[in-house]
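Some notes on the structure that comes next.
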Amino acid sequence: MLTQARLVRVNRVTDDLEPWLAEKWTPSDDRLTYTIALRQGVKFSDGQPLTSADVLFTFKAVYDPAVGSPLASDVGVHGRPLDVTAPDAHTIVVRFPEPFAPGLRVLESMPILPRHVLEPALKAGEFQKAWGASTPPARIVGLGPFRLVEHVTGQRLVFERNPNYFRKDQSGVQLPYLDRLTVAIVPDQSAEALRLEGGESDLMSNGDIRPQDYGAFKRLADEGRLEMMDVGVGLDPDFLAFNLRPDRALASRKPWISRREFRQAISCGVDRQAIINTAYLGAAVPLFGPVTPGNKTWFVEPAGVCSTPAGDPARARQLFTAAGLTDRNGDGMLEDASGAPARMSIITHANHQRERVASVLQEQLRKLGIAADIVPLDPGGILQRWKAGDYEAIYFGLQASSTDPALNPDFWLSAGPFHFWNPSQKTPATPWEQRIDELMRKQSTAFDLKERQQAFGEVQRILAEELPSIYFVASRVTLATTRRVVNPTPAPRAPNLLWSADTLAASR
């Protein structure tokens, strides 16, 4: 983010595609080909000029199987790479393998790499080792507003102003405004909040204020020591995902987890407003699907089986019965047909807001007759258990790479690796997943926005009915900075403030 720049950039406040290293672009009539004019006079931080050869090199590195870049699946269409050529030193031609409605937004996550620095490593098969923790900062070259000058493992990253940065403000002043930027490495959100409260940091680099910290921050704001910003409803809600893999061991032991009625019963029975009041201290809104009201272009009110924020326990009991779970011994808890208690484990993020929510869910599920064991793990442990299929349910969250669903196929498509309930299916496991695949292809290839919205609206309604993952709330995003920070441009997704680091300034 701080050392690189991209061909195009999405403004995280307006969600508009902005020229960045690309000065302009022209689509063909069929919108399969885009001719991009690079900005003239752009230089890397070491003074070497940017040319189309650097862009071609970047695509070569991204698509190299030996590199294994996570961007390879993002910078393409349905797993197929883009065809990129360069007729001259300042022109790039990008050809899409099929119609793709977001167009050049597919490039928003791809930084442009310096060929003159990294090409030898790519040819030698050592690209992944070229830049690491032990690399002298002077050898890390980029196009962004800052360049790395110091790295102390586990403590801090220090950046200084890149004198070759290409952007100027509307008055013609060279950006960035700041001469130096230090990013402190802190162990968790609690430590980060304490640093800001104590004046050791001027802003939190990645994340909003936790509900339990809001009171302390509000007092400091009232005293004039902090500036608080309400950014609105967040875009990436947490979810309760169930293990629906057909080969999982629990399929025979707890078949009711696979029943749609069981998942519907939980969604109906949980009091979302109680979660908002207890875990979020009011700083959230009820949610019944995967898209939040903060994503105004794509959000619809899903017409699922239940849509009452306070829950409907009576309806939940009916659905539990349909799933084969009833209170057979009169102890207030549900059992299956064999008399075994309805008990499941929920893996979640240790020492995080998610663990607080999971505890509230645990109590609500107990009232509904379901025993839930909360298993707190660090994110690495959660992902390890998930990849191994060693879980019953997970309460976690993902940060989408874009607000446009066509740019997040890894989550929506059945063959994608990041839908938690049954990732990387060779073929759709259910008719409803096959229908989602069809709708998402339509959504990504249609150029009419209303047609795209209708297709994705149906996707949301299917997920609200099938509930492979249950969404309960979407948090409100509140940010804070010290009074020294000038020109903050808050966005509802991370990095909430550093996405526009070149226009940040400090008062004296």
Checklist entry - How many of the residues making up the range 299-316 are at pLDDT 90 or above and buried (at least 19 other Cβ atoms within 10 Å of the Cβ)? => result 4
Item to check | Filter result for residue 424 (at positive phi and outside the structural domain of residue 247 (by TED's automatic domain parsing)) | outcome: yes
Checklist outcome for this item: Among the residues of the range 336-351, the number that are within 17 Å of residue 326 (Cβ to Cβ) and either among the polar types (S, T, N, Q) or in contact (Cβ under 8 Å) with a residue 12 or more places away in the chain (or both) is 7
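Check whether at least one residue in the range 84-92 is of a type in the set (Gly, Ala, Ser), modelled with pLDDT under 95 and more than 28 Å from residue 183 (Cα to Cα), and report yes or no.
no
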Checklist outcome for this item: Subset of the range 317-335, residues of a type in the set (D, E, K, R), surrounded by fewer than 18 Cβ atoms within 10 Å (Cβ to Cβ) and touching a residue at least 40 places away in the same chain (Cβ under 8 Å), comes to 327
Next on the checklist: When the residues of the range 4-49 are narrowed to those that are in a strand (DSSP E or B) and β-branched (Val, Ile, Thr), which ends up farthest from residue 93 (Cα to Cα)?
Outcome noted: 10
Next on the checklist: Any residue that is at pLDDT below 90, outside any helix (DSSP H, G or I) and either closer than 30 Å to residue 487 by Cα or of a type in the set (Ser, Thr, Tyr) (or both) - is there at least one of those in the range 252-269?
Outcome noted: no
Checklist entry - Which helices (runs of 4 or more DSSP H) does the range 401-496 wholly contain that include 2 or more residues that are modelled with pLDDT of 95 or more? => result 431-445, 449-466
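Take residue 58 and tell me if it is at pLDDT 95 or above, outside any strand (DSSP E or B), under 26 Å from residue 130 (Cβ atoms) and among the β-branched types (Val, Ile, Thr).
When the stated conditions are applied, residue 58 passes them.
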Item to check | Scope the range 361-400; condition closer than 21 Å to residue 233 by Cα, at pLDDT 90 or above and of a type in the set (A, V, I, L, M, F, W, C); matching residues | outcome: 396
Checklist entry - In the range 276-297, how many residues are more than 30 Å from residue 102 (Cα to Cα), in contact with a Pro (Cβ under 9 Å, 6 or more places away or on another chain) and surrounded by fewer than 22 Cβ atoms within 10 Å (Cβ to Cβ)? => result 3
Checklist entry - Name the residues in the range 69-83 that are part of a loop (DSSP other than H, G, I, E, B) and either touching a Ser or Thr at 6+ places or on another chain (Cβ under 8 Å) or at pLDDT 90 or above (or both), would you? => result 74, 75, 78, 79, 82
Checklist outcome for this item: Given the conditions (1) modelled with pLDDT of 95 or more; (2) part of a loop (DSSP other than H, G, I, E, B), every one holds for residue 273 apart from (2)
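The values are calculated or read from the model by the stated rules, or taken from the named source; none is laboratory data. If you're wondering where the values come from, they're calculated on a predicted model, not measured in any experiment. In this analysis, Cβ positions are derived from the backbone assuming ideal geometry, glycine residues included, and neighbour counts consider all displayed protein chains.
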